[in-house]
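A short worksheet on the structure shown next.
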Ligand SMILES: Nc1ncnc2c1ncn2[C@@H]1O[C@H](COP(=O)(O)OP(=O)(O)OP(=O)(O)O)[C@@H](O)[C@H]1O
Ligand SMILES: [Mg+2]
């Protein structure tokens, strides 16, 4: 049954030199599910996310989108949106400009449409008041929500977060949880990479536990 499987990986392998980082990994993800990838530093979590997003090439393995095989590096539309650990915001652009840049440049959305969409998403994430601020004026939690807004504006089918809670205090962690659950209700499929077992388990429908470096286990 591939009807509901927004993403399926089969026998994915990746090495850097002699280091076998991802070892025959298979997994599947249904639309609207949240997958937590939990495990120690150096285990290959970010590498896996970069492979799924097409930023890194797997040595071998197969990728399917609703049963149809595809090459993540060759896909033109945005299957996966990434929220990087350090957010990667442009320091010289305002929040609104950060959020609308890629939709205007890459998706060729006109300025007005991009701004309207940005307003909507900023409201949803409770950062409307920050539209004209610059990244240096924001707290870690605010920057993170800007990064989430920016990823959402590309309308990806799957949103990936790398260590979304590492820079946040406990009250903000609960806000992040709420954001994930709200997006889930809207049908967004999400992948959460985390060191934090409790958080990973609290948000996940499925857990991929990376036991030891180079040895992904389900
Ligand atoms: N481009 C690269 N070239 C060589 N080695 C790499 C490269 N990217 C990652 N590695 C190695 O692959 C292993 C997995 O790295 P990765 O960043 O995926 O780990 P991680 O699970 O995300 O760790 P952390 O929890 O610390 O972020 C590490 O040993 C790392 O040094
Ligand atoms: Mg990492």
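Laboratory data are not the source of any read-out in this text; all were calculated from the coordinates shown. In this text the structure is predicted, and so the values were computed from the model without any measurement.
A compact table of results
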| quantity | calculated |
| --- | --- |
| Alpha-carbon spread of the stretch 24-102, three principal axes, descending order, Å | 42, 31, 26 |
| The stretch 44-198, relative contact order in percent, only Cα pairs under 8 angstrom and at least six apart counted | 27 percent |
| Crossing angle, helix 95-105 versus the chain [Cα axis fit, 0-90 degrees, rounded to tens] | 60 degrees |
| Global form of the stretch 121-205, assessed from the alpha-carbon gyration tensor, a/c cut-off 1.5 | oblate |
| Principal-axis tilt of helix 140-153 within the chain, Cα atoms, nearest 10 degrees | 80 degrees |
| 222 nm mean residue ellipticity, helices alone, for the chain (DSSP H n ≥ 4; -39,500 (n - 2.57); rounded to 500) | -10000 deg cm²/dmol |
| Cα gyration tensor shape of the stretch 55-154, rounded if a/c is under 1.5, else prolate or oblate by comparing a/b with b/c | prolate |
| Contact order normalised by residue count of the stretch 17-103, Cα under 8 Å, 6+ apart, percent | 18 percent |
| Directionally averaged shadow of the chain, computed from the convex hull of its alpha-carbon atoms, nm² | 12.0 nm² |
| Bridge type composition, the chain - antiparallel percent by DSSP, nearest 5 | 50 percent |
| Principal-axis tilt of helix 170-185 within the chain, Cα atoms, nearest 10 degrees | 80 degrees |
| Mean separation of Cα contacts under 8 Å (6+ apart) over length of the stretch 39-82, as relative contact order % | 35 percent |
